[in-house]
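Comments concern the structure below.
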There are 2 protein chains.
Amino acid sequence: MGRIKTNDTTSRREIIIQKAATLFKEKGFKAASMRELADIVGVEAASLYNHIKNKNELLNIICFDVANRYMQMIAEIETEKKSSLEKIEKLLRFHITGMVKHFDEVYVSDREWKHLEEPYLANLQAQRRAYRKRIAAIIDDGIKKKEIKKIDASTAVLIMLHAVSGIESWHRSKAKINGKELEENMVSILVSGLKK
Amino acid sequence: MGRIKTNDTTSRREIIIQKAATLFKEKGFKAASMRELADIVGVEAASLYNHIKNKNELLNIICFDVANRYMQMIAEIETEKKSSLEKIEKLLRFHITGMVKHFDEVYVSDREWKHLEEPYLANLQAQRRAYRKRIAAIIDDGIKKKEIKKIDASTAVLIMLHAVSGIESWHRSKAKINGKELEENMVSILVSGLKK
DNA sequence: ACTTGTTACTAACAATTGTTAGCATATTTT
DNA sequence: AAAATATGCTAACAATTGTTAGTAACAAGT
């Protein structure tokens, strides 16, 4: 079929990963076949294996890319001198813009992590749990300092994160408001829902 | 292996559907095999076909069961004499308790509808779009009557519905608060996020 | 020009998939 | 007790799956 086109910044491997993310998003990991991915990339299925170890490696990369981005951001936020509510707002905005920008990856990481194999599965789950705990800690801190109303922090985290993942249906819809507006609306509803 | 045990209220068919919902939730529709389902039911794979047409029928039933429950509720709410905010709160509570009670079904319907086949796929999508529109209409009405702050209604709907689907991770977690508490926390955050 | 590593192809594999046909055994109805 | 229906089993099917082996063409470095 010919070889995969690369520009200088993106390796063949990275092209495959990107197209895989899109395909996995559309069909689901299990329903997406390597032959289909190969077709999209413009190559025979076997050729993919010159660039990646196997199908599951693709999912690993996608999921941990996303997880690592989040971990980096929460670490940054924790060190900042901001009120708890400001921290939550910053994180929320990060999630929203991240969802709009890296939609395919985030979507796949959110919905298809089940199909990771050990030890990656256990690993990612632990990372996600830890992540949610760190957000909950910020909220609990805000409650103690009376910036945030007295609620169950982990419930608040759950609402926040899943509300953001709802951007999926915004992404699909035709009559879209623009990304910035979406962000302001979400922040308005969620942040004022927490405020005392 | 022996025949499927039934009590008087639940047919063999219904047992299969229930177990299918649980299996689809755990593995995902595509990754779940009929042989595995048969194992769980306690029967050979071929025997399932005495009760159901095929694998996809199982998914159809699960998805439309859930959708129909929602449609019935929104119709009921629309006729009631309540403020918009009260209507939204009622709907929210219905979704929360529904998620806690029919967890497997709702989860599968939310995450696995992609694997429906036409015409069921188009059908369910249309139904879901219509459902969201009817909720948005209630919110817009509330905005006009100045009970609800001026926000994009479809964004609010999206937040609500996806926040509820976050109960999934509550379901998985060990250190759970109880269902009633969860409900009050969610309502508190989301309803006050809408209030003017 | 020659060598070396990269990338692609064809062909094939073993495993798993959903599903059907044909037949046996229960259970219910007559 | 006989007939009819419901439910189960074994065996097999065609299709699809991820992946590997072996080999040819290409690109880059010398």
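No other residue among B:Ile77, B:Ile96 is open to solvent by less than 20 Å² (accessible area, probe 1.4 Å), closer than 19 Å to B:Met186 by Cβ, more than 16 Å from DNA strand C (Cβ to nearest atom) and away from chain A (no Cβ under 14 Å) apart from B:Ile77.
When residues in region A:24-54 are screened for being within 14 Å of chain B (Cβ to nearest Cβ) and more than 8 Å from DNA strand D (Cβ to nearest atom), 6 of them pass. Before we move on, is B:Ala67 within 27 Å of A:Gly28 (Cβ to Cβ), open to solvent by less than 20 Å² (accessible area, probe 1.4 Å), touching a Leu at 6+ places or on another chain (Cβ under 9 Å) and more than 13 Å from DNA strand D (Cβ to nearest atom)? Judged against the criteria, B:Ala67 is a match. Test B:Ala21 against the criterion of being modelled with pLDDT of 95 or more and within 13 Å of DNA strand D (Cβ to nearest atom), and give yes or no. No.
Can you say whether A:Ala130 is of a type in the set (A, V, I, L, M, F, W, C) and open to solvent by 50 Å² or more (accessible area, probe 1.4 Å), as far as the supplied structure shows? No, not satisfied. Looking at region A:133-151, is at least one residue part of a helix (DSSP H, G or I), open to solvent by 30 Å² or more (accessible area, probe 1.4 Å) and facing chain B (nearest Cβ under 8 Å)? Scanning region A:133-151, I find no residue that is part of a helix (DSSP H, G or I), open to solvent by 30 Å² or more (accessible area, probe 1.4 Å) and facing chain B (nearest Cβ under 8 Å), so the answer is no.
Each residue in region A:104-122 was checked for being touching a residue at least 12 places away in the same chain (Cβ under 8 Å) and either touching a Leu at 6+ places or on another chain (Cβ under 8 Å) or open to solvent by 20 Å² or more (accessible area, probe 1.4 Å) (or both), and 11 of them qualify. Within region A:6-28, identify whether any single residue is within 14 Å of DNA strand C (Cβ to nearest atom), out of contact with any Leu (no Cβ under 7 Å at 6 or more places or on another chain) and within 28 Å of B:Trp113 (Cβ to Cβ), and answer yes or no. Yes, region A:6-28 contains a residue that is within 14 Å of DNA strand C (Cβ to nearest atom), out of contact with any Leu (no Cβ under 7 Å at 6 or more places or on another chain) and within 28 Å of B:Trp113 (Cβ to Cβ).
Apart from one condition, A:Ala46 fits all of (1) open to solvent by 30 Å² or more (accessible area, probe 1.4 Å); (2) among the hydrophobic types (A, V, I, L, M, F, W, C); (3) away from DNA strand C (no atom under 14 Å from the Cβ); the exception is (3). When region B:152-180 is filtered for residues that are assigned to a helix (DSSP H, G or I), within 11 Å of chain A (Cβ to nearest Cβ) and modelled with pLDDT under 90, the ones remaining, listed by number, are B:Ile167, B:Glu168, B:Ser169, B:Trp170, B:His171, B:Arg172. For region B:172-196, the set of residues classified as under 20 Å from the mean Cα position of the chain (by Cα) and in contact (Cβ under 8 Å) with a residue 24 or more places away in the chain consists of B:Gly179, B:Leu182, B:Glu183, B:Met186, B:Val187, B:Leu190, listed by residue number.
The values are calculated or read from the model by the stated rules, or taken from the named source; none is laboratory data. None of these values were measured; they are calculated from a predicted model. Backbone-built Cβ (ideal geometry, glycine too); neighbour counts: all protein chains shown. Ligands, DNA and RNA are excluded from the accessible area calculation, which covers all protein heavy atoms including side chains. Shrake-Rupley method; radii C 1.70, N 1.55, O 1.52, S 1.80 Å.
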